[in-house]
Every structure is written in structure tokens, then in C-alpha cells.
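Chemist: This is the structure, below, for whatever I ask next.
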Amino acid sequence: MIVVNIIILSVNSSRYSSYGSWRIAIFFIAPFQKTVTQSVQFLKNIWGHYFFMVSVAQENDNIKKAINQPIDKNNKNREVEFTPERLSNFRLRNLLNFRETMTNQVLVAEVISQDPSPWFKTIIIDKGKSDGVEKGLPVVVPEGIAGQIIDISYNYSKVLLIIDPNSAVDALVQRTRDRGLIKGESYGRCLSKYVLRKHDVKVGDTVVSSGLDGVFPKGLRVGYVTEIVKRNSGIFQEVTVMPYVDFEKLEEVLIVLDSPKHDFDFVSEQ
């Protein structure tokens with residue numbers, strides 16, 4: 001088409017060509033010129049759009065890299081921040097700070113296993129008779145009371161957690177000083193039993209140890225009230241308590257070695 005177009009233009013551009021032949025040439029050449037021009041323009045547009053898209057894609061990639069660099073750096077910093085070593089140091093530092101606030105003699109122990117059974121809530125710690133641990137000693141963490149030593153060997157001990165149904169802690173509502181007996185319940189909760197119906201207990205109240213059971217020191221946090229049920233009959237109200245301790249994440253604990261032990265000697269009158 002291009003060769004024919006050039007030949008016809010050359011022939012018709014001669015000064016000897018007549019006006020009629022020029023009109024005939026235009027009639028045949030114009031459609032070819034229009035087609036060629038449109039084709040060339042179409043290819044130029046495609047080529048230009050292609051390079052434009054490539055340029056935009058490269059610019060987009062550069063922007064993504066610029067955005068991802070601080071994100072990657074932040075993720076790396078968070079990974080470093082939350083390494084097991086740093087988390088362990090944070091927990092131990094928190095545990096040691098809590099130990100300094102206590103007047104009792106305490107011993108740091110590590111949790112090495114947990115009873116997988118849904119019926120028994122116990123853990124095993126790496127301290128035993130050789131470390132001065134005795135049966136019946138209380139076990140606490142900075143968040144509150146964890147449990148009580150129920151069995152010991154030379155190097156290890158078993159701890160009964162307060163969420164076990166066999167556990168019992170004499171406690172009181174911190175705001176009103178109303179007493180109750182904390183018993184373990186299902187789903188990691190506790191129930192404060194024998195709380196008189198007339199007592200003004202409210203949802204959100206903090207429950208602490210009373211120190212009257214001869215096991216746990218007075219004033220240690222147990223949990224907070226989440227539900228109160230008053231039946232139509234009966235002198236007691238049902239008070240549900242959620243422990244402050246997250247028993248699924250126990251890793252280090254404190255054993256209170258000098259827990260209060262009451263030894264009452266009564267002298268009879270003669």
C-alpha cells in the first residue's frame with residue numbers, strides 16, 4: 001500500500017499531469033493515506049501507553065518499597081522486642097518487683113508442666129523439699145493468688161490452682177469487707193460461697209484473701225465479681241468471681257515459705 005501510494009503521488013505530482021488525473025489519484029490514494037495514518041497513530045498510542053504504564057508500574061513499585069521499608073523495620077524491631085528471652089526477662093523483672101513489695105519470705109519457681117485433664121487444675125513446678133518447700137504453702141504471682149502446694153518430691157512440687165473445684169480460699173470483698181469462701185468452678189471461674197444475701201456486693205468489686213484460713217497472707221488479690229444471683233429463697237447469694245491470674249499463661253510463680261500458721265494454745269482454768 002505504501003509503495004503504490006508513493007508511485008501514484010509521484011506520477012500525479014508531475015507538472016504535466018492534468019487536473020482530472022489529480023482528482024482520480026486523490027480518489028484512490030486518500031483512503032490508503034487515511035488507513036496508513038490511523039494505523040501509525042494507533043501504534044504510536046499503544047507504544048506511548050505501554051511506556052506510560054511501565055513508568056507508572058515502576059513508580060508504584062518504588063512507592064511500595066518506600067512504604068514497606070519502615071514496615072519491615074518495625075516488624076523486625078517487634079520481633080526483637082518480643083523474643084522469648086526479652087519476654088522472660090520482663091516477666092522475671094515483674095516477679096522480682098512484686099517480691100520486693102511482700103514482707104513474706106518467697107521462692108521463685110518455674111512451671112514445667114500443666115495437667116491436661118479438664119477435671120483437675122494443677123501444675124508442676126521445679127522446686128521441692130531440697131529448696132525448703134512444704135505441703136500446704138501458698139503460691140502467688142503479681143496478678144494475685146495462683147494456688148497451694150498439695151504434693152512434693154525432692155526436686156518438684158504439685159500446685160492445686162484456685163480454679164480447681166477442690167480448692168478453697170477464705171476471702172472478702174475489698175470494698176465492703178464481706179466474707180466468702182472462694183471455690184473453683186468450670187471455665188476458669190470461681191464461686192464465692194456463703195456470702196449473705198443482705199451483703200451489698202456489686203459487679204466489679206475486688207475480692208482479696210482474708211488471711212483467716214491460715215494459708216494465704218491477708219490482702220492478696222483473688223479476682224473480681226462478674227455476676228450476682230439472688231434466689232427467691234435462701235440466706236446466701238451466688239457470687240461469681242473471675243480470677244486476676246491468667247492460668248493458661250503461668251510460667252513463673254512465687255512460693256510463700258513463711259505463710260501464716262496459727263497455733264492456738266488454750267490454758268484451761270482449774
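The values are calculated or read from the model by the stated rules, or taken from the named source; none is laboratory data. Just so it is clear, the model here is predicted, and its values are computed rather than measured. Methodologically, a virtual Cβ is constructed for each residue, glycine included, from the backbone with ideal geometry; neighbour enumeration extends over all protein chains shown. Remember, those area values only see protein heavy atoms, side chains included, never the ligands or the DNA or RNA. Shrake-Rupley method; radii C 1.70, N 1.55, O 1.52, S 1.80 Å.
Chemist: Here are some residues: G188, G223, G219, G234. Which one is among the small types (G, A, S) and farther than 25 Å from L95 by Cα?
Modeler: Unique residue meeting the criteria: G234.
Chemist: Answer yes or no as to whether V239 is in contact with a strand residue (DSSP E or B) (Cβ under 8 Å, 6 or more places away or on another chain) and buried (at least 20 other Cβ atoms within 10 Å of the Cβ).
Modeler: yes
Chemist: Failed condition for K127, given (1) touching a residue at least 60 places away in the same chain (Cβ under 8 Å); (2) assigned to a strand (DSSP E or B), with all others met?
Modeler: (2)
Chemist: Hey, any hits in the stretch 228-235 for a residue that's in a loop (DSSP other than H, G, I, E, B), among the aliphatic types (A, V, I, L, M) and over 28 Å from M102 (Cα atoms)?
Modeler: Yes, because at least one residue in the stretch 228-235 is in a loop (DSSP other than H, G, I, E, B), among the aliphatic types (A, V, I, L, M) and over 28 Å from M102 (Cα atoms).
Chemist: Could you please find all residues in the stretch 153-180 being surrounded by 14 or more Cβ atoms within 10 Å (Cβ to Cβ), out of contact with any Gly (no Cβ under 9 Å at 6 or more places or on another chain) and assigned to a loop (DSSP other than H, G, I, E, B)?
Modeler: R175, D178
Chemist: Do we find a residue being of a type outside the set (A, V, I, L, M), open to solvent by 40 Å² or more (accessible area, probe 1.4 Å), modelled with pLDDT of 90 or more and part of a loop (DSSP other than H, G, I, E, B) anywhere in the stretch 252-261?
Modeler: Checked against the condition, which is being of a type outside the set (A, V, I, L, M), open to solvent by 40 Å² or more (accessible area, probe 1.4 Å), modelled with pLDDT of 90 or more and part of a loop (DSSP other than H, G, I, E, B), the stretch 252-261 yields no hits at all.
Chemist: Among the residues of the stretch 180-206, how many are farther than 17 Å from Q148 by Cβ and either free of Cβ contacts under 8 Å to residues at least 40 places away in the same chain or of a type in the set (F, W, Y) (or both)?
Modeler: Of the residues in the stretch 180-206, 12 are farther than 17 Å from Q148 by Cβ and either free of Cβ contacts under 8 Å to residues at least 40 places away in the same chain or of a type in the set (F, W, Y) (or both).
Chemist: I'm trying to understand the selection: among the residues of the stretch 181-224, which are of a type in the set (A, V, I, L, M), in a strand (DSSP E or B) and open to solvent by 20 Å² or more (accessible area, probe 1.4 Å)?
Modeler: L181, L191, L196
Chemist: Taking V225 as meeting all but one of (1) at pLDDT below 95; (2) on the phi < 0 side of the Ramachandran plot, write down the number of the exception.
Modeler: V225 satisfies all of (1) at pLDDT below 95; (2) on the phi < 0 side of the Ramachandran plot except (1).
Chemist: For the stretch 109-119, state whether one or more residues are open to solvent by 80 Å² or more (accessible area, probe 1.4 Å), farther than 30 Å from I228 by Cβ, modelled with pLDDT under 95 and among the charged types (D, E, K, R).
Modeler: yes
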